[in-house]
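Worksheet: one structure, shown below.
The values are calculated or read from the model by the stated rules, or taken from the named source; none is laboratory data. Remember, it's a predicted structure, so these values are computed and weren't measured experimentally. For neighbour counting, all protein chains shown are included, and Cβ atoms are generated from backbone atoms with ideal geometry for every residue, glycine included.
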Amino acid sequence: MALVIIKTDSPLSRIILGAAVLACLCLIWFFGKWSFANAVSVRADLPEIAELMIALAPSDPQTHFAAAVLRERTFDPSDAEISLAEYDASTALTPNNYLSWLALGKALERAGDANAAELAFKRSLELAPNYADVQWAYGNWLIRSGRSTEGFAMIRLAVGGKPELLPAATSMVMQLLDGDSEQVRTILGNTPDVNAALTGYFIGQKRLDEAVSAWERMGSAAVDIKYRALSDSLVAQLAAGYRFRLAGKTMSSIAADANTFPGVGRITNGDFESQIKLRDAKLFEWQIGAGTDPQIGLSEGQPHGGRYCLLLIFNTMQAAEMRPITQTVAVEPSSLYAVEGFYRSELKGSVALEIADASTGKSLGRSIPFGPQAEWSKFRVEFQAPGSIDGVIIRLVRDGCISSVCPISGKLWIDDISMSAR
């Protein structure tokens, strides 16, 4: 490639070259200033900074938009007027940007200019007809303006495109229609997602019977993994409200939990043929509390029935150091029950099995102490379920302790615990 030499000896050549250099410097300054103002305005946290960026780049819509947002956040009436003007300026500079029109519509509504607000919302919808956020904002505006039929139709479109809006939509419609869930289904659709949103709404309102009803209307879709957090919340709230039969019924409808509820008046894994979970146990499974005493595990050494029995190894001086070993059982209120099982023991010290009210912890019945016993021996506890709730707790407790210092050591085997009505 040949080297080309441009001579700049003449005055005209020097003028042209100087003009070119000056033009380049001007372009660099202009675009540099514009880029700097745009970048800073996006991250600005003070209105004054945004105003400075407008001075640097007055034709950049982002600088005006940033100033509008920051002025809006001050909640100062004078700033509200400035914010509206900046939203208007940003929209004028980007007339085909739906976000600018959407923000302008909201600002105009706050300013009380309903007609202009609707025009802005409509323009935003024209530019982004399938965007859920636009449909949601316009639908809410229509409802606030007293045009509920149009507004609800727009809200339904919004939640169809963005299901995460359903909880807010459900809450809004429930409030507007005096808590009529059937009207919610008519407006938003009688779908699993809508019934899931209703379930969440009723859980929040502590209306547990209605929450269960909405959950059941989800049908087979309730097993979907996306509803797992909701089902866990429903079961937890039912348990917290001492509604154990409903909690068990709900768990039975969930594939992953179907085998963790044995039924009303029945004990889960009383034969200890399944593993005992030291953590993350379900509501009706054996619950093992924190601690190291007693050591707990399954034993194949001479079980009463089946392959395994429960083995507990004690070695402590303090009664309070015994880790909790419990199971919640759903029962029929006021009904009579009996819990039976088998034990053998090499204990120095004694333990008993106790039935307690699930809400108060009050003892309803206790077995004989599990003292030394070389062969399998039967125990039985008879009790009446509380009349006000439908759950009891089976638990192992220290027996015969008259002070906090209550030594116990040795091994205890338990097997084949069952509950029956009497």
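Miscellaneous remarks
- Test: residue in region 271-288 that is among the small types (G, A, S) and farther than 30 Å from R185 by Cα: yes
- The number of residues in region 293-308 that are within 38 Å of the chain's Cα centre (by Cα) and assigned to a strand (DSSP E or B) comes to 4.
- Which numbered condition I394 fails, given (1) modelled with pLDDT under 90; (2) more than 21 Å from G301 (Cβ to Cβ); (3) assigned to a strand (DSSP E or B); (4) not small (G, A, S): (1)
- Enumeration of residues in region 312-326 that are over 35 Å from the mean Cα position of the chain (by Cα) and assigned to a strand (DSSP E or B): L312, I313, F314, N315, T316, M317, Q318
- Residues that are part of a strand (DSSP E or B), in contact (Cβ under 8 Å) with a residue 60 or more places away in the chain and out of contact with any Leu (no Cβ under 9 Å at 6 or more places or on another chain) were ranked within region 338-364; the one that is farthest from G248 (Cα to Cα) is K348.
- Out of L177, L166, L157, sole residue that is within 30 Å of A247 (Cα to Cα) and touching a residue at least 24 places away in the same chain (Cβ under 8 Å): L166
- Residue-level check: of (1) surrounded by 15 or more Cβ atoms within 10 Å (Cβ to Cβ); (2) at pLDDT 90 or above; (3) under 30 Å from E375 (Cβ atoms), S274 misses just (1).
- Each residue in region 190-219 was checked for being on the phi > 0 side of the Ramachandran plot and among the acidic types (D, E), and 0 pass.
- Test result for R380, in contact (Cβ under 8 Å) with a residue 60 or more places away in the chain and part of a strand (DSSP E or B): no
- Residues of region 133-166 that are small (G, A, S) and either surrounded by fewer than 19 Cβ atoms within 10 Å (Cβ to Cβ) or closer than 17 Å to E210 by Cβ (or both): S145, G146, S148, A153, G160, G161.
- When region 130-166 is filtered for residues that are in contact with a helix residue (DSSP H, G or I) (Cβ under 7 Å, 6 or more places away or on another chain), among the charged types (D, E, K, R) and not in a helix (DSSP H, G or I), only K162 remains.
- Output for region 207-244, where each listed residue is small (G, A, S) and over 19 Å from the mean Cα position of the chain (by Cα): S213, G219, S220
- Residue in region 384-402 that is surrounded by 15 or more Cβ atoms within 10 Å (Cβ to Cβ), more than 21 Å from T268 (Cα to Cα) and either of a type in the set (F, W, Y) or over 39 Å from the mean Cα position of the chain (by Cα) (or both) present: yes
- Qualifying residue in region 106-129 (condition: more than 23 Å from E86 (Cα to Cα), of a type outside the set (S, T, N, Q), within 31 Å of the chain's Cα centre (by Cα) and assigned to a helix (DSSP H, G or I)): no
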